[in-house]
Ligand code: CUA
C-alpha cells in the first residue's frame, strides 16, 4: 500500500520522468543519478549499522602492547574517508554536473537564437499568452511549433507564480516588476500539461495549462486564426448573445477583439471556442460546463475573480450560442 501511494505520482500527462526535450532529459538524468547515489549512500549506512549490531558484544582482537589505542587508526580512516572525503567528492560532482552542465543546457539561450517568442503573464489564477509581432492573445492553452526553440518571456499581473511544463523544461518564476525567460522545446507533437509551481493563493492548484506542440504548418494555421478578430454572429440567437455580452457585465472584464468588449481582468475570449478547457484547465470547454461556469463560477473555483452573472435562462442560452461560435 505504501508503494502504491509512492507510485501514485508517476505517469499521467505531467511527468518529470517522461521527458520530451533534451533539457527535460538532462533534468531527468540528473534526478536518476542523485536518486541512485542516495540509495547507495543509504545502503552503506544501513549496512554499517547492521554490521555493528551483529558484532555487538564480541571480543575484539587481543590488545597489542605496542598499540596503546587499539582501533583508533581504523576509526580515523573511516571517519575521514566516509565522513569527509566521500561527501566532498559527491557534492563536488553534483555541483559540476548540475550547475555547469544541466543549468547551462536548460537555460534560455540568447533571444536572437530562437525563432519564436511568447509572452506568458501569470494571473490569479490563469495564464495569458501573447505572441509579440502578432495580435494573437489567448489563455491557458499555449501553442508552439514542434522541434523549434521557443523563447518564453514570463511576467505577472499580480503575485509570484511559476511557469512549469515538467516534460519540456525546468520551472521559471514570474516576479512582479521583472521579466524572466525560459526555453521551451518539444521534440514530438503532443499535449503537455503544465502547472503553476509557486503557491499563489486559494486556487493555486487550479492554475494549470496545456502546451500544444504542433507540426509547424498546423501551428501557423492556428496562429493565423488567433490573429483574426472574432467571427461575426450568424444566427439570431448568436446576435442576441453578443448584445447580452456587450451590454452586460461580461465586457467590462473580457476582450473579444472586433467588438467593443475590451476588458483585461479576465481571459481574452476572441477565440474561446478553439480552446479545449476552461478556468485554467479546471473543466472541459463544453456547453454545460461553460453555462455552469458563467452562472456559478464560485462554486467551481471558489475565490476566482469572476463574479456570479445573473442572467435569465434565455439570456444564458443566447450567450452560450454566441461564445460557442467563437472558433
Ligand atoms: Cu499561480 Cu500558483
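Condition test on residue 264, is it touching a strand residue (DSSP E or B) at 6+ places or on another chain (Cβ under 7 Å), at pLDDT below 95 and surrounded by fewer than 21 Cβ atoms within 10 Å (Cβ to Cβ)? Spelling it out, residue 264 is indeed touching a strand residue (DSSP E or B) at 6+ places or on another chain (Cβ under 7 Å), at pLDDT below 95 and surrounded by fewer than 21 Cβ atoms within 10 Å (Cβ to Cβ).
Output yes when any residue across the range 57-78 is surrounded by 10 or more Cβ atoms within 10 Å (Cβ to Cβ) and on the phi > 0 side of the Ramachandran plot, and no when none is. Looking for residues that are surrounded by 10 or more Cβ atoms within 10 Å (Cβ to Cβ) and on the phi > 0 side of the Ramachandran plot, one finds at least one in the range 57-78, hence yes. Filtering the range 305-313 for residues that are modelled with pLDDT of 95 or more and in contact with a helix residue (DSSP H, G or I) (Cβ under 7 Å, 6 or more places away or on another chain) leaves an empty set. Taken over the range 226-238, the criterion of being out of contact with any helix residue (DSSP H, G or I) (no Cβ under 7 Å at 6 or more places or on another chain), surrounded by 15 or more Cβ atoms within 10 Å (Cβ to Cβ) and closer than 30 Å to residue 314 by Cβ is satisfied by 230, 231. Checking 142, 168 one by one, the residue that is in contact with a strand residue (DSSP E or B) (Cβ under 6 Å, 6 or more places away or on another chain), closer than 27 Å to residue 37 by Cβ and not in a helix (DSSP H, G or I) is 168 and no other. Residues that are buried (at least 17 other Cβ atoms within 10 Å of the Cβ) and within 12 Å of the ligand (Cβ to nearest atom) within the range 172-203 comprise 173, 174, 194, 195, 196, 197, 198, 200, 203, listed in sequence order. Filter the range 150-161 for residues that are touching a residue at least 40 places away in the same chain (Cβ under 8 Å), part of a strand (DSSP E or B) and under 19 Å from residue 208 (Cβ atoms) and give the result. Passing the criteria: 152, 161.
Looking at residue 147, is it part of a loop (DSSP other than H, G, I, E, B), free of Cβ contacts under 8 Å to residues at least 24 places away in the same chain and at positive phi? Considered against the rule, which asks whether it is part of a loop (DSSP other than H, G, I, E, B), free of Cβ contacts under 8 Å to residues at least 24 places away in the same chain and at positive phi, residue 147 comes out as no. Being free of Cβ contacts under 8 Å to residues at least 40 places away in the same chain, in contact with a helix residue (DSSP H, G or I) (Cβ under 8 Å, 6 or more places away or on another chain) and more than 24 Å from residue 191 (Cα to Cα) holds for only one residue in 292, 241, 258, and it is 292. On the basis of being over 25 Å from residue 280 (Cα atoms), assigned to a loop (DSSP other than H, G, I, E, B) and at pLDDT below 95, does residue 87 make the cut? No, not satisfied. Would you confirm whether or not the range 243-250 contains a residue that is assigned to a loop (DSSP other than H, G, I, E, B) and closer than 20 Å to residue 320 by Cβ? Among the residues of the range 243-250, at least one is assigned to a loop (DSSP other than H, G, I, E, B) and closer than 20 Å to residue 320 by Cβ, which makes the answer yes.
When we screen 39, 33, 53 for residues that are out of contact with any helix residue (DSSP H, G or I) (no Cβ under 6 Å at 6 or more places or on another chain), in a helix (DSSP H, G or I), surrounded by 10 or more Cβ atoms within 10 Å (Cβ to Cβ) and without any contact (Cβ under 8 Å) to a residue 12 or more places away in the chain, the only hit is 39. Checking the stated criteria, residue 278 turns out not to satisfy the condition of being over 24 Å from residue 192 (Cβ atoms) and either crowded, with 16+ Cβ neighbours inside 10 Å or modelled with pLDDT under 95 (or both). Counting the residues of the range 136-168 that are surrounded by fewer than 18 Cβ atoms within 10 Å (Cβ to Cβ), away from the ligand (no atom under 14 Å from the Cβ) and more than 22 Å from residue 111 (Cα to Cα) gives 0.
Rundown of residues vs (1) crowded, with 18+ Cβ neighbours inside 10 Å; (2) at pLDDT below 95; (3) over 28 Å from the mean Cα position of the chain (by Cα); (4) away from the ligand (no atom under 16 Å from the Cβ), yes/no style:
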| residue | (1), (2), (3), (4) |
| --- | --- |
| 218 | no, no, no, yes |
| 224 | no, no, no, yes |
| 241 | yes, no, yes, yes |
| 269 | yes, no, no, yes |
| 273 | no, no, no, yes |
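The values are calculated or read from the model by the stated rules, or taken from the named source; none is laboratory data. Because the structure is predicted, anything quoted here is derived from the model rather than measured. Counting neighbours? That spans all protein chains shown, and the Cβs are built from the backbone with ideal geometry, glycine included.
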